[in-house]
């Protein structure tokens, strides 16, 4: 199975189905609770990132196409080793392309694959722990970030 397919399966499993938690900024078209419409998130596709998409009606095939076009291809993840590919792809989906690029650039200053992956995750964790929503969602995010290195070990060409 191609790396993209493996990573997509992992991320969709982490993101889950439809959610319209009013405390989650991503569920709102305006990016903040109470701003715009609360259209939710499905398969990790949020109303904030895609305000013109009917999130509740998204199919898995829709999510697959969006992930490939707007995240994987934008970061040229095909050129990365499997473990790093999953970490970068997951960060892009969950935290945005710009942040994923920034953390990757910082991490690439390291000399080994393990050090690159560790630095990438450390940068991401530091950012996420600084968010005002950490108290509400931090435990779930921590579980996700702790699980990623183990999931990334199964990524094969």
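Hey, among 82, 44, which residue is within 20 Å of residue 117 (Cβ to Cβ) and either surrounded by fewer than 17 Cβ atoms within 10 Å (Cβ to Cβ) or touching a residue at least 40 places away in the same chain (Cβ under 8 Å) (or both)? Sole residue among the options that is within 20 Å of residue 117 (Cβ to Cβ) and either surrounded by fewer than 17 Cβ atoms within 10 Å (Cβ to Cβ) or touching a residue at least 40 places away in the same chain (Cβ under 8 Å) (or both): 82. The condition of being part of a loop (DSSP other than H, G, I, E, B), out of contact with any helix residue (DSSP H, G or I) (no Cβ under 6 Å at 6 or more places or on another chain) and either surrounded by fewer than 17 Cβ atoms within 10 Å (Cβ to Cβ) or modelled with pLDDT of 95 or more (or both) holds for only one of 62, 52, that being 52.
Conditions (1) out of contact with any helix residue (DSSP H, G or I) (no Cβ under 9 Å at 6 or more places or on another chain); (2) closer than 28 Å to residue 65 by Cβ; (3) modelled with pLDDT of 95 or more; (4) assigned to a helix (DSSP H, G or I), marked per residue:
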position: 89; (1), (2), (3), (4): no, yes, yes, yes
position: 92; (1), (2), (3), (4): no, yes, yes, yes
position: 101; (1), (2), (3), (4): no, yes, yes, yes
position: 126; (1), (2), (3), (4): yes, no, yes, yes
position: 141; (1), (2), (3), (4): no, yes, no, yes
position: 148; (1), (2), (3), (4): no, yes, no, yes
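For region 1-20, filtered to residues that are part of a loop (DSSP other than H, G, I, E, B) and in contact with a helix residue (DSSP H, G or I) (Cβ under 6 Å, 6 or more places away or on another chain), the residue that is farthest from residue 137 (Cα to Cα) is 18.
The values are calculated or read from the model by the stated rules, or taken from the named source; none is laboratory data. Note that the structure is predicted; figures quoted are calculated from it, not measured. As a convention, Cβ positions derive from the backbone with ideal geometry for all residues, glycine included, and neighbour counts pool all protein chains shown.
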